[in-house]
Amino acid sequence: QVQLVESGGGLVQAGASLRLSCAASGRTVSRPAMGWFRQVPGKEREFVATISGSGSTYYLDSVKGRFTISRDNAKITVYLQMNSLKPEDTAVYYCAARNGSYDYVSASEYDYWGQGTQVTVSS
């Protein structure tokens, strides 16, 4: 089994930055694809950014240029640096990992999920 533990959420003002971290433990594949998704009440979970086992990245259009996903393979940890935050970025952010190195934008492709961390951006 794989466990994902997220940290770094919080309450910030618009224009501020936050860095989310997600550490994986347990029996992961070598260099699993990982991603960040977010969800607001009443809406489906939305892909934000993904990173493949080889390091290629993909972003939701509305976060391109503001968010950066990265990974530390030695620590099996993925990060999401969020700059120039906007009120519409407010959501619970979830880390995800899959049993494979290829990344997908669909939440259904991911096998493991963290508990979620709240990000609130005030205007």
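Enumerate the calculated ³J(HN,Hα) couplings along the range 34-41 in order (Karplus 6.51 cos²θ - 1.76 cosθ + 1.60, θ = phi - 60°), each rounded to whole Hz, writing x wherever the residue is Gly or Pro.
9, x, 10, 10, 9, 8, 10, x
In a shell of Cβ-Cβ distance under 14 Å around Y104, excluding Y104 itself, what net charge do Lys and Arg (+1) and Asp and Glu (-1) give? Working shown, then result.
Working: positive: R45, R98; negative: E46, D103, E109, D111.
Neighbour charge sum, excluding Y104 itself: -2.
Pick out which of D89, D72, D61 has the largest mean-square fluctuation in a Gaussian network model of the chain, springs linking Cα atoms closer than 10 Å.
Taking springs between Cα atoms under 10 Å, the residue moving most is D61.
Using only the Cα atoms, work out Rg/Rh for the range 4-62, with Rh taken as the Kirkwood radius, to two decimals.
Details: Rg = 13.5 Å, Rh = 13.6 Å.
That ratio equals 0.99.
Using the Cα centre of the chain as origin and beta-carbon charges of +1 (Lys, Arg) and -1 (Asp, Glu), tell me which of Q39, L18, A74 is placed farthest towards the positive end of the dipole.
A74
Using all C-alpha to C-alpha distances in the range 51-123, build P(r) with 10 Å bins and read off the rounded percent in each one.
In whole percents, the pair-distance histogram is 17, 51, 29, 3.
Between beta-carbons, use under 13 Å as the cut-off and find the net charge around Q13, counting Lys and Arg +1, Asp and Glu -1. Walk me through the numbers before you get to the answer.
On the way: positive: K86; negative: D89.
My count for the surroundings of Q13 gives 0.
Round to a whole angstrom and tell me the spacing of the C-alpha centers of the range 75-108 and the range 21-63.
When both Cα centres are located, 3 Å separates them.
Grab the other residues whose beta carbon is less than 13 angstrom from that of R45, score K and R as +1, D and E as -1, and report the net. Working shown, then result.
Details: positive: R38, K43; negative: E44, E46, E109.
For residues surrounding R45, the net value is -1.
Which residues among the range 13-36 fall inside the zone where the amide N is under 13 Å from a point 7 Å beyond the Cα of Q118, along Cα→Cβ?
none
Before anything else, pin down the relative contact order of the range 46-121: Cα pairs under 8 Å, at least 6 apart, normalised by residue count, whole percent.
Working: 108 pairs, mean separation 23.1, N = 76.
Here the relative contact order equals 30 percent.
Is there a quick way to get the dipole size of the range 24-81? I mean about its Cα centre, with the Cβ of Lys and Arg at +1 and of Asp and Glu at -1; what is the value in debye to the nearest 20?
Its charge dipole is roughly 120 debye.
Once you put a point 7 Å from the Cα of K86 and another 7 Å from the Cα of V40, both along the Cβ direction, what distance in nm separates them?
1.1 nm
Express the carbon and sulfur contribution to the solvent-accessible surface of the range 1-73 as a percent, rounded to the nearest whole number, probe 1.4 angstrom.
Within the range 1-73, the accessible surface is 47 percent carbon and sulfur.
Quick one: 3J(HN,Hα) in Hz for the range 104-110, Karplus 6.51/-1.76/1.60 with θ = phi - 60°, rounded, Gly and Pro as x.
10, 8, 8, 4, 5, 7, 9
Looking at the P(r) of the range 77-116, how many percent of alpha-carbon pairs lie beyond 12 Å?
68 percent
The values are calculated or read from the model by the stated rules, or taken from the named source; none is laboratory data. From a predicted model like this one, the values you see are computed outputs, not experimental measurements. In this analysis, Cβ positions are derived from the backbone assuming ideal geometry, glycine residues included, and neighbour counts consider all displayed protein chains. The area values use the complete protein model at the heavy-atom level, side chains included, leaving out ligands, DNA and RNA. Shrake-Rupley method; radii C 1.70, N 1.55, O 1.52, S 1.80 Å.
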